[in-house]
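Structure first, commentary second.
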Amino acid sequence: MKRLLPAVLVVGLLGGSAAAFAVTERLKLERSPVLGTQIGKFVSPVSGRRVKIWFRVRKSDSLSLAIVDSNDHVVRALISSHHIRAGRKKYTWDGRDDAGNPLPDGTYRPRIHLAGEHRTILLPNPIAVDTKAPHISLRRTSLQVVSPDGDAIHDYLTVFFHSSEPARAVLYANGRKVIKVKSFNAQSLQWGKRNGMPTKPGVYRLWLGAIDEAGNPAPRTRVFTVRIRYIELGRHVIPVRAGGQIAVRVSTDARFYSWRIGPRHGRVRSRLLSIAAGAPGRYHLVVSERGHTARALVVVSP
């Protein structure tokens, strides 16, 4: 009898191992009850944003959802066990624990338990909690004077910048957000009439901000300016003697512009406009390009 015990023990162990192997292989061949995961990569508990946790379940079951840290410890019991139907499930997480406290920066994962399946599934998609704000700095701008008149000459402003991490740059003009770049890896942006540049001439105060992938906002950059100009005259009042020449500088990037004073008019390209003064009197000189005008009072004395 004593001789049979080791043999029986060996057979028992082999049988147990075979059974465990069979179960393992069966589980490998079974389709996962959870599929189609769509999970955000970043979340910041201080930004107010929530990260999405979306997935599909193949059939109805009792489901619970938790967030675990890198040591597989539960840090947030996100959804308590409840009955769900098969199909798409959509949940979100704010990067906080059960007490509402922000969790430390690090990597976390969603974990699903299906009571009917007797399965606990750790989703492979990591979520990074990131509370560190990015930094963005202005490098340079392409122009100081812009004229968004559609002639393809100085129509838009290019702003070059650098960010400390992947972040979407945001351009503000006179305190109003005018551009939010789509890419997190861009190093420049263009601002023109097609994406919100105002048509009113004047000097605009600009600065840059940024938002990283977790939603953390960057401190804004220093203020810089751009002047929107279409056509301008060097003087608002031009005194001249009868028989002399009206001479005034014209500031524009248009190739040609039109002028009119009384019944006389013309079209020129010179940036120094020179016209015979004519008879004594007060006249309005108007220059224009592509529908934009500038005016000056001409006073012709005897």
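The values are calculated or read from the model by the stated rules, or taken from the named source; none is laboratory data. Since the model is a prediction, treat every value here as computed from it, not as a measurement. Cβ: placed from backbone, ideal geometry, glycine included. Neighbour counts: every protein chain shown. Please note that ligands, DNA and RNA were not included when accessible areas were found on the heavy atoms of the full protein model with its side chains. Shrake-Rupley method; radii C 1.70, N 1.55, O 1.52, S 1.80 Å.
Some notes on this structure:
- Annotation note: Cβ proximity below 9 Å between a residue of the stretch 256-267 that is closer than 16 Å to Val300 by Cα and a residue that is β-branched (Val, Ile, Thr) (sequence gap 6+ or interchain) occurs for Arg260/Val286; Arg260/Val287; Ile261/Ile246; Ile261/Ile275; Ile261/Val286; Ile261/Val298; Arg264/Ile275.
- If the condition is being open to solvent by less than 50 Å² (accessible area, probe 1.4 Å), part of a strand (DSSP E or B) and among the β-branched types (Val, Ile, Thr), then the stretch 180-214 contributes only Ile211.
- Hits in the stretch 215-227 (condition: hydrophobic (A, V, I, L, M, F, W, C) and either buried (at least 20 other Cβ atoms within 10 Å of the Cβ) or on the phi > 0 side of the Ramachandran plot (or both)): Ala218, Val226
- Per this entry, Val250 is counted among residues that are part of a strand (DSSP E or B) and either touching a Leu at 6+ places or on another chain (Cβ under 8 Å) or open to solvent by 80 Å² or more (accessible area, probe 1.4 Å) (or both).
- Hits in the stretch 139-153 (condition: surrounded by 18 or more Cβ atoms within 10 Å (Cβ to Cβ), of a type outside the set (Asp, Glu) and out of contact with any helix residue (DSSP H, G or I) (no Cβ under 7 Å at 6 or more places or on another chain)): Thr141, Val146, Ser147
- Of the numbered criteria (1) open to solvent by 60 Å² or more (accessible area, probe 1.4 Å); (2) at pLDDT 95 or above; (3) under 24 Å from Gly215 (Cβ atoms); (4) among the charged types (D, E, K, R), the one Asp94 fails is (1).
- The residues listed here are Lys59, Lys2; of these, the one that is assigned to a loop (DSSP other than H, G, I, E, B), over 32 Å from the mean Cα position of the chain (by Cα) and modelled with pLDDT under 70 is Lys2.
- Look at the stretch 219-245: where a residue is of a type in the set (Lys, Arg) and a partner is assigned to a loop (DSSP other than H, G, I, E, B), sitting 6+ places away or on another chain with Cβ atoms under 7 Å, you get Arg227/Gln144; Arg229/Ser147; Arg229/Pro201; Arg241/Ala277.
- For the stretch 155-164, a residue qualifies if it is surrounded by fewer than 18 Cβ atoms within 10 Å (Cβ to Cβ) and over 16 Å from Lys193 (Cβ atoms), and the qualifying residues are Phe160, His162, Ser164.
- Filter pass, Asn125 being farther than 30 Å from Lys193 by Cβ, open to solvent by 30 Å² or more (accessible area, probe 1.4 Å), over 22 Å from the mean Cα position of the chain (by Cα) and modelled with pLDDT under 95: yes
- Whichever residue in the stretch 75-89 is crowded, with 16+ Cβ neighbours inside 10 Å and not hydrophobic (A, V, I, L, M, F, W, C) and, among such residues, is nearest to Leu122 (Cα to Cα): Arg76
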